[in-house]
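Data first, discussion second: the structure below is written as structure tokens.
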Amino acid sequence: MHRVKSFFLLLFVLALCWNCTAPDDKERQVIDFNSGWHFQLGDHPNAISADFDVSNWRELNLPHDWSIEGDFSEDHPTKPEGGALPAGIGWYRKAFRLPTEAKEQSIWIEFDGVYRNGEVWINGHRLGIRPNGYSSFKYDLSEFLNYGDDVNVLAVRVDNSQQPNSRWYTGSGIYRNVRLIRTGKVHVEHWGTYVTTPEITDSSASVNMEVMVKNEGFNERNLTVRSTILDAEGEEVAQEEHSLTLGNGESTDIMQHFTVPSPKLWSTEQPYLYKVVTQVFAGMQLMDDYQTPLGIRYFEFDAKEGFSLNGKPMKILGVCNHHDLGALGAAVNKRAIERRLEILKEMGVNAIRTAHNPPAPELLELCDEMGFIVQDEAFDVWKKKKVDADSHLFWEEWHRRDLEDLILRDRNHPSIMMWSIGNEIREQFDSTGISITKELVRIVKSLDTTRVVTCALTENIPSKNFIYQSKALDLLGFNYKHKDHKKFPKWYPGEKLIATENMSALATRGQYDFPSDTVMRWPQAHDKPLETGNDDLTVSAYDQVSAYWGSTHEETWKSIKDQDFMAGLFVWTGFDYLGEPIPYPYPARSSYFGIVDLAGFPKDSYYMYKSEWTSDTVLHVFPHWNWEEGQEVDVWAYYNQADEVELFLNGESLGTKKKVGDDLHVMWRVPYEPGTLRAVSRKDGKAILEKKVFTAGDAQKVTLNPDRKIIKADGKDLSFITVNICDMDGNMVPNANNMVNFEIQGEGKIMGVDNGYQASLEPFKANYRKAFNGKCLLIVQSTGEAGNISIRATAEHLQPGEIVLETVD
Ligand code: GAL
């Protein structure tokens, strides 16, 4: 009797404990596996064995891109199109121990991306190879691991030697994050949840959750899967439990259904996020916990009305971006991505196209959090190549897996609303395009039916476009066809449309060529040598130059802004990127297409967009005011929320100008004299904004302006410091190109330097940089310790700049 009583007491206590398990109780350990790696360039096949000696290899932390550390050369097989930086083969090794109790766990390793041909061994066992450098992958390690005092060794061979394999800079190495996952033997599968919101009204949202559960080592067990939806404040809003039995080695999918009362919707202005915490119990023991982001929103593409989010019509105002982070190369850093998104948000961008490959997961997390709509793109090539060693080489064997993995990895991000199965794919021009499109769309739809599938097309004659002929796309994307857009509703009756890629306008920050009102297309044809151009390989930053297949920023925006049927557009590109330095040959080595330069400094067209795409009051006047006496200088102003702008030079009016018709700027042609330009925008006769541009005197000092003075002491966080060469009054000297040297002390290190000049051959990893058109950039990273970072910037004959940053835990 006594025994029976104790048994029930025990059950009662256990049940109580189980019910007490809060959604934030943890069993799964997600271990940042980026530190303590050894690296060596070249091929080292013996490095797979655990006793291989790496004492002379370099120690580093991931993410790591060895290409960005190299010197530029025209002779590198990557070519200037690929950034003119070295590629080749490199090896990484990491030794680690696991406690004995980890024997009772399932353990796997996750790689977010290895460029390219990442081949992985654990303790001498080959786990596999992943050719596609943008795909995320994982390997189960449990059966090969040692525990206790015995060491484990991971070895990764990265082979980026086959070149050229890309039309842009890729980077080389384990350039994205790596994690080790330790969890119970019964657990949620890798990428093992799928959350959807089939019905949304003001009063409630229904949420469906599919959970894939696996038993990897217990005899038949009674399991409970409990999922809890938490709001942004961490309050529980709904919960579901599901019981099941799984035998050893079995896995299953379960469906859970929830109702969220009075849902707060995710939008680009208010990106409200819930999350779902899924816990798996074997009997009463917590075996795993897993988090899934949840945004409640609905959207629609309409052939006549374009795009709407949560029932509100809006235009997708997007930019395309490649994945490199300028001076940091391809090596992922969340703060660097966040800074880019902040700069774009400020300009009014509300969407990102991940040209032309799966992005880093951190980009998607940030788009969820900051409110960007994402077009997540899978491929730049299918079977037919664009360059010799691109991914067509492994299309047959890998395309299904690469596409499936992209959808499985990314389908819970509320920011994603479009899947793109390709960019300017060669197969659009022949009938093979039909079957491949159908196959790829089938793959996507087998894993997600809640987004539209699109493809960025260039052939706009319907009968000649075989991807269109497949009739499998939900949304037709067109690149560079703004002159034909008007005809599209007739050519493609009933189809939904978006301008997936546009402009390809060219500019160098701070470069102004006259006259500014002639439009130039460079190069006129692929095989024609460049006929005009600046000797220093710069391009005018007046919006007057574009690639011949594109347009200036103003041309395309004017044509799209009033086309209701066009869901939106993506500008090529938000930021300059490494590689593809059209229109110039080497030493040009990075692109001119960005609205923002490689260092993150906006070019002038940034403010045209800002005046059109935001509700902020804008008055931007350029160029600088340091010219030759008597020279005719074109002064442009972008403005909004005003009827007119009046310009004054040294107090004298140069006249009032108004935008007429579809104008997006006003211009004055002014005989130069030094002094002060002053512009005033007015509405109903009342001054709205005033801007002054001063003639700068001689360079006298270096100034340092960090984007953040206090950063996290986590060995990852960054401060981006703008370095200006200024006259005594603090005006930036617009043509200054002084060499600046940096000294740094305390809890920080230099991660990179840049100045945005597309033809600079200075290294990005250095403690010096020449200013370009008055400025350069210093990127500083915290060490792991809290404290101060003192930075001093010196330049010959100039007063040095000094700042102190703080790193905090
Ligand atoms: C497009 C292509 C982009 C980029 C751009 C340059 O045709 O999709 O990847 O090459 O041209 O203008």
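The values are calculated or read from the model by the stated rules, or taken from the named source; none is laboratory data. Since this is a predicted model, take the numbers as computed values, not measurements. Using ideal geometry, Cβ is built from the backbone for each residue, glycine included, and neighbour counts are taken over all protein chains shown. Ligands, DNA and RNA are stripped out before the accessible areas are found, and what is left, the full protein with its side chains, is counted by its heavy atoms. Shrake-Rupley method; radii C 1.70, N 1.55, O 1.52, S 1.80 Å.
Observations on the structure shown:
- Criterion violated by E439 - all others in (1) in a helix (DSSP H, G or I); (2) acidic (D, E); (3) within 16 Å of the ligand (Cβ to nearest atom) satisfied: (3)
- The residues in the stretch 731-767 that are of a type in the set (A, V, I, L, M) and part of a strand (DSSP E or B) can be counted, and the count is 7.
- Within the stretch 459-475, the set of residues being open to solvent by less than 30 Å² (accessible area, probe 1.4 Å), within 16 Å of the ligand (Cβ to nearest atom) and within 28 Å of the chain's Cα centre (by Cα) comprises just one member, I467.
- Single match in G124, G148, G128, G88 (criterion: without any contact (Cβ under 8 Å) to a residue 24 or more places away in the chain, on the phi > 0 side of the Ramachandran plot and not acidic (D, E)): G128
- Within the stretch 586-602, tally of residues that are part of a loop (DSSP other than H, G, I, E, B) and within 16 Å of the ligand (Cβ to nearest atom): 8
- Matching residues in the stretch 721-737 - criterion: being open to solvent by 10 Å² or more (accessible area, probe 1.4 Å) and touching a Leu at 6+ places or on another chain (Cβ under 7 Å): T722
- Taken as a whole, the stretch 178-189 holds no residue that is outside the structural domain of Q285 (by TED's automatic domain parsing), hydrophobic (A, V, I, L, M, F, W, C), within 16 Å of the ligand (Cβ to nearest atom) and crowded, with 18+ Cβ neighbours inside 10 Å.
- Test for S227: is it in the same structural domain as G42 (by TED's automatic domain parsing), on the phi < 0 side of the Ramachandran plot and open to solvent by less than 20 Å² (accessible area, probe 1.4 Å): no
- Cβ separations smaller than 6 Å between residues 6+ apart or across chains give the following pairs from the stretch 201-214 residues that are more than 15 Å from L447 (Cβ to Cβ) to residues that are assigned to a loop (DSSP other than H, G, I, E, B): A205/P263; A205/I296.
- A search for C-beta distances below 9 Å between a residue of the stretch 569-580 that is farther than 22 Å from E554 by Cβ and any residue that is acidic (D, E) and near the ligand (Cβ under 10 Å from one of its atoms), counting only pairs 6+ apart in sequence or on different chains, returns G579/E81; E580/E81.
- If you go through the stretch 479-517 and keep only what is more than 14 Å from the ligand (Cβ to nearest atom) and of a type in the set (F, W, Y), you end up with F488, W491, Y492, Y512, F514.
- Checked against the criterion of being within 16 Å of the ligand (Cβ to nearest atom) and of a type in the set (V, I, T), the stretch 371-381 has at least one qualifying residue.
- Among the residues making up the stretch 361-377, those that are open to solvent by less than 10 Å² (accessible area, probe 1.4 Å) and either not assigned by TED's automatic domain parsing to the domain that holds R335 or not β-branched (V, I, T) (or both) are L364, L366, C367, D368, G371, F372, Q375, D376, E377.
- Matching residues, the stretch 338-384, being aromatic (F, W, Y) and within 19 Å of N310 (Cβ to Cβ): F372
- Criterion (under 16 Å from S611 (Cβ atoms) and of a type in the set (D, E)) met by exactly one of D684, D714, D662, D707: D662
- Some residue of the stretch 768-777 being part of a loop (DSSP other than H, G, I, E, B), outside the structural domain of N34 (by TED's automatic domain parsing) and open to solvent by 10 Å² or more (accessible area, probe 1.4 Å): yes
- Looking only at residues in the stretch 546-569 that are assigned to a helix (DSSP H, G or I) and surrounded by fewer than 24 Cβ atoms within 10 Å (Cβ to Cβ), the one that is farthest from the ligand (Cβ to nearest atom) is K561.
- First in the stretch 456-479 and modelled with pLDDT under 95, second anywhere and within 16 Å of the ligand (Cβ to nearest atom), Cβ under 8 Å, 6 or more apart: N460/F478; N460/K481; N460/D484
- Meets criteria (in contact with a strand residue (DSSP E or B) (Cβ under 7 Å, 6 or more places away or on another chain), surrounded by 15 or more Cβ atoms within 10 Å (Cβ to Cβ) and on the phi > 0 side of the Ramachandran plot) for S516: no
- Scanning the stretch 382-402 for residues that are crowded, with 22+ Cβ neighbours inside 10 Å and more than 16 Å from the ligand (Cβ to nearest atom), we see that the one that is farthest from G433 (Cα to Cα) is D402.
- Residue in the stretch 433-442 that is under 21 Å from the mean Cα position of the chain (by Cα) and touching a residue at least 12 places away in the same chain (Cβ under 8 Å) present: no
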